[in-house]
1. So the check is Cβ under 7 Å with 6+ separation or different chains; which pairs have a first residue in the range 415-440 that's of a type in the set (K, R) and a second one that's at pLDDT 90 or above?
2. Go through (1) touching an Asp or Glu at 6+ places or on another chain (Cβ under 6 Å); (2) in a loop (DSSP other than H, G, I, E, B); (3) over 30 Å from R522 (Cβ atoms) for T373 and report which single condition fails.
3. Would you mention how many residues in the range 823-837 are over 13 Å from G812 (Cα atoms), part of a loop (DSSP other than H, G, I, E, B) and of a type in the set (G, A, S)?
4. Pairs, please: C-beta under 7 Å, at least 6 apart or cross-chain, first residue closer than 16 Å to A224 by Cα and in the range 242-262, second surrounded by 24 or more Cβ atoms within 10 Å (Cβ to Cβ) and among the basic types (K, R)?
5. Just to verify a result, which residue in the range 878-896, among those that are of a type outside the set (A, V, I, L, M), on the phi < 0 side of the Ramachandran plot and within 37 Å of the chain's Cα centre (by Cα), is surrounded by the fewest Cβ atoms within 10 Å (Cβ to Cβ)?
6. What is the one condition in (1) buried (at least 19 other Cβ atoms within 10 Å of the Cβ); (2) at pLDDT below 95; (3) in a loop (DSSP other than H, G, I, E, B) that D764 does not satisfy?
7. Is it the case that T846 is touching a residue at least 60 places away in the same chain (Cβ under 8 Å) and of a type outside the set (K, R)?
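The values are calculated or read from the model by the stated rules, or taken from the named source; none is laboratory data. Model, not experiment: these values are computed from the prediction. Ideal geometry is used to build each Cβ from the backbone, glycine not excepted, and the neighbour counts take in all protein chains shown.
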Amino acid sequence: MYRYQRTALLLAGLGLAQACVTATAQSSAGNLRLHVRDSSGAAISAKGTLYGPTAGHSQVVESASDGSLQVSDLAPGRYTLELSQTGFAERRSTFVVRSGATITQDIILTVGGVNTTVDVIASTPIGALNVPLKDVPVPVQTLSAQTLLDTNAIDLTDAMKRRLNGVYVNENQNNPFQPDVNYRGYTASPLVGSPAGLSVYMDGVRQNQPFGDVVQWDLIPKVAISSMELIPGSNPLYGLNTLGGAIAVQTKDGIANQGFVISGYGGSFGRRAVDAEYGGNKGAWNWFAAGTLYHEDGWRTLSPSSVRQGFAKLGYAQGGTLVSLSGGYAINNLTGNGTQDFRAINRTTGLNHGYNSVYSIPDVTYQHQPFLTLNVTQAISSSVTINANAYVRYTRQNTANGDINDDSFDQSLYTLSAGDKTALTKAGIPYPSTVQNASTVPFPYLRCIAQTLQKDEPYEKCTGVDTDTVTRQHAAGFSGVLNWNTTHNKLSVGAGFDRGGLTFQQTGQFGYLNTDGISITRVNAFLDGTYTDDDGTVIDNRVNLHGTTTTPSFFVTDTFSLNKWVLNVGGRYNHTSINNVDRLPPASYRGTLTAVNNFQRFNPTAGIVYKASSLLNGYFNYDESSRAPTSTELGCADPNFPCSLPNALVSDPPLKQVVSRTFEFGFRGNPDGRYRWSAGYFHTNNYDDLLFVAAQATGYGYFQNFGKTRRQGVEAAASAHLRKLDAGAEYTFLQATYQSSQTIEADSNSSNSNAKSGEKGVADGGLITIQPGNNIPQVPQHMFKLYSDYHPLLKLGISADFNLISSSYVRGNENNQHQADGVYYLGSGKSPGFGVVNLGSSYNITSHFQLFAQINNLLNRHYYTAGQLATTPYDANGNFVARPFAAYASGDYAVRNTTYLAPGAPIAVFGGLRVTLGKR
């Protein structure tokens with residue numbers, strides 16, 4: 001075991017041992033010693049309420065003229081303090097009072113309209129009026145910077161999947177910084193072509209990129225995160241693409257994050273990282289800077305990744321004015337080697353076997369991004385404020401992907417033709433004089449070279465294909481909100497303008513699979529229209545697209561409260577124009593990407609909360625949202641010019657925008673007490689949803705609007721906040737189904753049209769029909785989570801969480817009918833359910849030094865988060881065998897089809913030291 005692992009395991013063991021020590025000291029009261037100030041440091045006299053650890057226990061408190069606020073003789077437990085003052089945003093703080101301890105802390109009140117705590121949420125993405133969570137008619141979930149520390153999460157998505165109800169990940173890329181994050185069956189993914197359904201904001205700036213609405217999670221700096229909220233439903237105020245929910249991230253500043261903190265850690269898989277942050281203020285100015293250096297070799301074969309992130313913010317706060325200018329830069333190299341044949345994972349012998357094996361390489365993403373964000377809040381009066389923001393961002397991404405060419409699997413790759421021999425002889429390349437087969441040539445390559453020299457059929461005789469892409473995206477925009485805040489009414493009216501520009505280029509090159517079974521040697525043959533297959537289809541995957549996306553919008557929201565009732569209404573109007581220009585020369589075998597598409601819609605929302613008592617309130621909410629088709633979908637939507645892949649863009653006919661309609665209702669209780677609970681039902685229908693459907697004449701496909709899909713289910717949660725323990729349990733039942741019939745291509749599904757006609761295993765043009773009620777792939781029905789943060793001693797903390805996720809169908813099994821036959825079709829077509837336990841600990845040596853350790857996947861379970869059906873050239877022993885079966889009477893050849901799975905990381909142990917200096 002590595003040195004890091006031994007150190008981390010020792011620390012974790014020490015924490016668990018100390019947790020068993022029985023305290024003999026008698027419990028004594030604790031105290032609060034607080035100072036209330038504004039952002040410039042001036043003392044403030046503020047009033048508020050301190051809620052105790054027992055339901056119904058509260059007391060009114062008020063800070064003195066010098067800002068001091070002292071509360072003595074408090075019983076140990078969790079307390080919540082709400083403070084307010086005219087002209088300032090309400091501040092809500094949580095303290096855990098321990099026996100005989102005195103908590104000393106500065107409480108900073110900021111100008112009204114600034115979101116300062118995760119116990120309230122902003123009414124709009126740029127942080128307008130703070131609305132208490134108990135007044136919001138949906139079950140908002142939150143994470144704080146402290147949660148990220150307690151869980152030892154390596155990034156935001158790591159904490160989300162472990163602590164937020166209904167959140168799960170599909171690791172299709174199999175890189176910790178590139179997951180598909182899902183909530184209620186909707187996705188925020190870094191992969192172009194994935195159906196987007198969640199919007200993501202950071203400091204009021206939309207993080208969904210113009211091309212494909214993708215979200216690059218590795219560009220969001222964890223060390224700079226102050227808080228995040230997950231807002232469920234089709235909330236139109238969060239703009240386009242909020243079909244199933246919105247994620248709003250706020251970053252730290254120098255007011256609430258003073259001092260210097262640096263942490264270094266290392267452990268399994270060659271993981272080593274440093275996080276650092278520094279914040280401070282003087283007079284009206286404050287500043288904050290943070291950065292991360294991260295590298296790991298990866299737990300799978302040849303899977304290293306490096307992440308380098310920097311973030312800085314300069315703020316000014318004086319009187320009713322609050323200004324912040326933030327910027328960042330990230331430059332990352334990520335390797336995500338994707339799914340693997342389940343048989344290779346389970347094999348113990350042969351080439352490329354085992355849980356850490358990969359199917360092919362490379363699968364590398366290089367990207368960098370600079371950005372600037374300006375946020376301004378100006379108080380006009382004690383009840384009227386203005387919020388505004390502006391941003392500019394540039395993102396460049398380069399990818400290199402090596403794949404085994406599935407068009408070669410049913411070909412004759414071993415026997416050289418006379419033309420092949422002549423071409424090889426002229427090139428001076430030796431070849432065997434005897435007849436070859438799969439046993440004598442385990443990785444055939446000579447026919448690939450010969451066909452390339454003859455410029456004949458490299459698309460069928462070459463066993464590898466490499467695809468390279470370059471994406472450049474510019475985004476800029478601004479928005480403004482006018483807010484009116486009274487005792488019973490919070491009204492916001494605003495408008496925004498966003499513009500994104502992109503250039504996407506793609507090229508492909510043939511090659512042959514090397515003797516290592518995973519890497520590819522390129523040859524001088526390209527997928528550039530030079531070659532035509534046996535069906536007369538031109539082989540060309542080139543793309544050179546330039547486009548702009550422009551979206552002006554306006555929105556309004558009003559929250560009205562009267563006694564026990566809270567009513568919320570609002571809406572947003574978006575007008576999106578997508579202007580694409582195809583920079584490739586015209587060709588008869590494909591259409592053109594050049595087109596202008598316009599989409600507009602007003603989406604409403606309305607909800608109500610009834611607060612019967614502190615122990616029970618109910619809510620109901622209805623909202624609508626929409627998303628415009630992406631350039632990927634528009635570029636592959638013509639049945640006359642279908643695509644072999646969603647990103648092989650060829651034509652740009654019109655599509656309709658997707659519209660989602662959500663209603664939900666539920667109950668929750670005791671939000672400020674020791675025991676809290678919630679339960680609710682949600683129901684979302686997508687209309688004119690988008691699906692990649694089959695073009696029967698060609699075997700290719702295209703995107704098309706069709707009927708509807710549905711996501712519905714139940715969410716329930718309960719938590720306890722005791723003297724030394726915070727713990728919770730969460731459960732989600734999620735049913736994601738198609739609600740319309742459609743025919744799609746699914747060559748590797750055992751129930752496809754080829755198999756039913758007697759030609760099992762033929763992977764060309766096999767069709768299946770989706771029926772209403774079929775489950776959408778990669779969406780588990782059941783999710784159960786347990787978590788706890790336990791402090792048996794003042795200096796010791798232990799965190800643990802358990803995720804139990806049920807099975808789901810893999811992609812390619814959309815009709816849920818795939819059945820393995822052990823010959824042509826292999827694997828169940830499902831990703832099995834799994835459970836994962838994570839354990840962490842921290843020990844404060846002094847107030848300046850903290851040791852921490854983390855063990856992920858404590859029980860070292862082998863589990864899988866995603867999968868797909870696809871062809872394979874390998875037999876059960878891992879040998880490459882082309883054309884493994886005899887031809888049918890039609891002349892078609894069958895190939896093996898298998899279930900590919902995305903394995904989750906095995907047990908990982910890491911630990912380190914955190915140093916805090918000058919922190920207040």
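1. Matching pairs, first to second residue: K421/Y431.
2. Result: T373 fails condition (2) only.
3. 1
4. Every condition considered, the pairs that remain are T251/K313; D253/K313.
5. Per the criteria, the residue is N879.
6. (1)
7. Judged against the criteria, T846 is not a match.
The rows are residues; the columns are (1) buried (at least 19 other Cβ atoms within 10 Å of the Cβ); (2) among the small types (G, A, S); (3) not in a strand (DSSP E or B).
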residue	(1), (2), (3)
P552	no, no, no
F560	no, no, no
S577	no, yes, no
A587	no, yes, yes
T592	no, no, yes
N598	no, no, no
N617	yes, no, no
